[in-house]
Amino acid sequence: MSPRQSNELSTKRTSLALILGLIASAASAQYPGQIEKKSKDGPTLRAVAVLEWTGDLGKPKKSRLVPISIYDGQELHDASIYMARPHPMALAGEVEYELQRNGAPIGLFDIKNAAQEMGSWVGYGSWKATPSAKPTAPKQIVDTGFDANDDKPVLHRKHSDTSAKSDSTASASSPDSDRPTLHKPTTEDTSSKSDPAPDPDRPTLHKEKAPADSDNPVLHKHSGTDTSDGEHASFTDPDRPRLMRGKQGGANGLDVLPSLLGLPPDMNQAVAVSDSKSRQEHTWDYKWANPDDEDKMKAALEDIARTALGLKTPPPPPATRRAAAHKAIKPSPAPEPPPLVDEKFRVLELAYGSGATMVFSAHTDDPEKTQKFVTLIAQPDLYGNPLVLLKNVTDAAHLDQTPQMRLVDAVDALADNRGELLFELRGAGQRQFALYRVLRGTAEKIFVTGGGEFGVAPGE
């Protein structure tokens with residue numbers, strides 16, 4: 001293999017399955033011969049993560065990728081500790097994730113390196129646009145009027161460039177003595193028309209050079225190595241601190257890209273999936289047969305959320321009557337219900353033909369230290385009313401015992417063309433992520449990073 005081919009091979013994006021294959025190959029390298037693949041349709045690894053960033057979509061200011069789960073064809077594993085040597089395999093260099101929103105791809109994220117933030121592994125990398133297939137221009141069919149099955153001789157006109165050459169040749173073969181002719185100047189003609197000799201009496205402008213002892217500041221181009229290619233520039237002061245671009249596992253530390261720290265209020269989240277197999281796109285939007293049903297369901301879930309949060313709508317004022325006319329006065333309008341802040345309402349179809357799955361979340365309009373939070377998972381019943389499958393209620397003082405459930409998105413974590421609900425379980429000083437499967441009128445938690453029992457069934 002040539003050095004060029006080797007370089008191209010080293011820059012290819014590796015999937016999780018390929019990394020696992022390399023590890024297995026290294027372990028069996030002591031045996032001669034080839035490693036036989038056991039099954040053509042063997043299970044492949046599928047990793048799920050969450051990309052968090054600030055800034056615009058596709059152009060983040062700061063970002064990080066949080067590993068969630070890895071499915072090996074049989075069970076889900078915690079991606080933050082799965083095959084950590086020392087960093088998890090889900091955050092190995094050059095692993096590529098497809099970013100999804102509502103099941104549709106919105107970009108790619110390439111892992112460059114990994115590090116620990118507050119005891120948890122996160123990955124750093126770069127966001128790329130999703131490659132799109134180049135449209136092929138349709139072939140243009142030109143009707144020449146020529147029939148290949150016709151025996152009649154046909155005179156063909158030459159192409160424009162050939163006809164132009166023939167016309168010029170014909171004109172050159174029959175010159176007209178009285179006709180002026182344009183000739184292309186030769187080298188001698190060009191040299192004869194060179195600039196005249198300079199006039200010694202003509203004033204000349206000269207570029208003035210700055211004196212060596214000038215006090216004007218001068219910008220000098222750095223003579224060191226260009227830092228854009230990852231090398232380190234030379235500095236005159238050896239004790240001067242400098243920013244260096246290192247390589248993963250190198251002596252100079254990690255190649256730290258703009259990283260996201262903490263939980264800023266303007267943080268965005270998107271599901272990220274890495275799989276060695278190309279799978280068909282599956283969006284999770286549910287289409288209502290009657291658009292008014294969506295507003296009806298949202299209003300019903302708002303009432304359930306207010307009841308769960310202990311918010312009671314004040315009763316309307318009693319109607320008064322005029323003593324003389326004994327006519328009822330027009331009743332006053334009903335009071336507004338207590339407000340719900342930061343309402344989020346999603347309606348998803350987690351499997352083809354499975355019906356609507358609704359997720360509603362909000363919190364009370366109270367100071368931050370006394371806020372109450374609610375999250376509901378529900379489905380319509382036979383009578384068109386919401387049936388609550390899971391209810392999570394907590395407050396700011398008990399977030400470490402019962403974290404707030406914040407929906408990230410739906411994702412196919414088990415590679416079975418069915419979506420699971422991915423929630424962030426955010427506490428006061430820590431957080432986890434959990435996957436819930438909605439099936440047969442139940443919302444079952446099938447995976448959580450780091451363990452923990454959060455969320456209560458209705459009535460508990």
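Seen from ALA300, the other residues with C-beta closer than 13 Å to its C-beta sum to a net charge of -4, counting Lys and Arg as +1 and Asp and Glu as -1. Filter the cross-link list LYS298/LYS369; LYS344/LYS372; LYS61/LYS344 down to pairs whose alpha-carbon distance in this structure exceeds 18 Å. Distance filter (> 18 Å) returns LYS298/LYS369; LYS61/LYS344.
Global dimensions of the stretch 271-312 from alpha-carbon coordinates: Rg and Dmax equal 17.8, 52 Å. Within 15 Å, Cβ to Cβ, of THR313, how many net charges do the neighbouring residues add up to if Lys/Arg are +1 and Asp/Glu are -1? With Lys, Arg at +1 and Asp, Glu at -1, the neighbours total -2.
Relative to the current alpha-carbon distance between THR307 and ALA129, full extension at 0.36 nm per residue lengthens the span by 59.6 nm. For the listed peptides 106-119, 64-77, a ranking on the average number of other beta carbons within 10 Å per residue, highest first, reads 64-77, 106-119.
Read-outs: derived from the displayed coordinates by stated rules, not from any lab. Given the structure is predicted, the values throughout are model-derived calculations rather than measurements. Cβ atoms come from the backbone with ideal geometry, glycine included; neighbour counts cover every protein chain shown.
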